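Enquirer: Below you'll find the structure I mean.
Each reported figure results from applying straightforward, stated rules to the coordinates on display, with no laboratory input. Everything numeric in this text was worked out from a predicted model, so none of it was measured. A quick note on method: Cβ atoms are made from the backbone with ideal geometry, for glycine too, and the neighbour counts reach across all protein chains shown.
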Amino acid sequence: MTTPQEHQVDVPDSRKKRSWRIRFSLLSMILLITVVALSISHWQMSEQLAQMKVRTEQLSDSLGIPPVSDPTKVTAIGVPLMVDDAWEWHLVIPEGKEYDLYVAFTHVPGEGLPENPIHVESITNGEVRINLSIEKQEMTGPIAVVQGKYVLPPQGATTMLYHGMSPREASWLKNFAGEKRNIARGSSTTGRENLKWYRTRNEGLIKDPEFVATLFDPDDVIVLRRTRVFPMKEEGDKTEPKTCAGMMVWLVPKVAEDQAADR
C-alpha cells in the first residue's frame, strides 16, 4: 500500500524573489536611516566639541593660562591686567623642579642679574600665578606687594613679600614711560627751559595681548621682567648706564645638594 504523498504548494520563483526584494529593501532602509542618524549625531557632537574647544581656548586666553606643549620645560606667560603699576605671570613648572623667586628695584643691570637681590620665596612644581603690584602711599611711600597662588594643586593666594620701597627704589616710578619698549619721555624743570629726558627699556614677559607662551629649559634662569629707567642727555641719546633704577623679577633653579657638593 502506498502512502499518499503530502501535497506541496509550489511558490513561483517570481513571488520568492519579490518577497526577498521587499525584505531586503526594508532592511536596507532601516540600516540607511540608522547610519544617517548616527552620522548626523556624530557631526553634531563634533561641532559641539569643536565649539567647546574654541570656547575653552578663549577662556584660557582671557584668564592667562598658557597651553603646555612640552611638560619637561617651564611654560610661562605674561598675564594682561586692567590696572596700572601691576604685573602678573602664570607659570607651569615641571615635576620635581624648584625655583627661588627674586626681585630688585635698584641697580638693575642691562644684562645678567643684580648683585643684591631680594629673595621672595621658593616655588615648587605645579601651576603658579605670581602677581607684583606697587601701591603708592602718600605718607609712607610706595609699597611693593608680591603675591602667589598655586592653581594646580589649588591653594589660596598668599602674600609672599610686602616690601616698603625707599625713595631711591621708587624713583623710577616717576619716570616710567609705560609698557612699550624704548620710549623716551621729556620733562621740563620748574623755572628752566632745559629738558630732562628718560628712556624706558622693558624686557621679559610683557603684557602681551596675543597671549604668547614662552618655553624655558628647566635649568635656565627665567627673567619674567626687566624694567630699566635712566636719564638721557638729549633726545635720541641711546647710551645706557651699566646699572640704573627700575624693577626686575626672575627665577633661579635650585641646585640639589649632591650637585652643589660636586661644584
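Enquirer: So how do 85-98, 212-225 stack up, highest first, on mean other-Cβ count within 10 Å?
Expert: Values: 85-98: 18.3, 212-225: 15.7.
Top of the packing list down: 85-98, 212-225.
Enquirer: Can you work out the PRE-style zone for GLN155? Point 7 Å along Cα to Cβ, and I want the residues of region 81-120 with backbone N under 17 Å.
Expert: From region 81-120, the list is 89-102, 120.
Enquirer: Plugging the Kirkwood radius over Cα pairs into Stokes-Einstein for region 74-259, at a temperature of 37 °C and a viscosity of 0.692 mPa s, what D comes out in µm²/s? Provide the component values of the computation, followed by the final result.
Expert: Details: Rh = 17.6 Å.
Approximately 187 µm²/s, per Stokes-Einstein.
Enquirer: Using a cut-off of 12 Å between beta-carbons, work out the net charge of the residues near PRO142 (Lys and Arg +1, Asp and Glu -1, PRO142 not included). Walk me through the numbers on the way to the answer.
Expert: Details: positive: LYS136, ARG168, LYS174; negative: ASP85, GLU135, GLU138, GLU169.
Net charge around PRO142: -1.
Enquirer: Take each of the peptides 111-123, 141-153, average the number of other beta-carbon atoms within 10 Å over its residues, and list them starting from the highest.
Expert: My ranking of the peptides, most packed first, is 141-153, 111-123.
Enquirer: Still on this structure, please answer the following. Going toward the positive end of the dipole of region 74-259, with +1 on Lys and Arg Cβ and -1 on Asp and Glu Cβ, which of VAL103, PRO142, THR124 do you reach last?
Expert: It is PRO142, whose Cα lies furthest towards the positive end.
Enquirer: To the nearest 20 debye, what is the magnitude of the charge dipole of region 74-259 about its Cα centre, counting +1 on the Cβ of each Lys and Arg and -1 on the Cβ of each Asp and Glu?
Expert: Working: 21 positive and 27 negative charges, 181 e Å.
Result for region 74-259 is approximately 860 debye, rounded to the nearest 20.
Enquirer: In cubic angstrom, how much convex hull volume per residue do the alpha carbon atoms of region 112-166 span? Provide the component values of the computation, followed by the final result.
Expert: On the way: hull volume 5.5 nm³, N = 55.
In region 112-166, the Cα hull volume divided by residue count equals 100 Å³.
Enquirer: Now a separate question. In nm, give the distance between the simple-model label positions of THR239 and VAL252, each being 7 Å from the Cα along the Cα-to-Cβ direction.
Expert: Result for the modelled spin labels: 3.2 nm.
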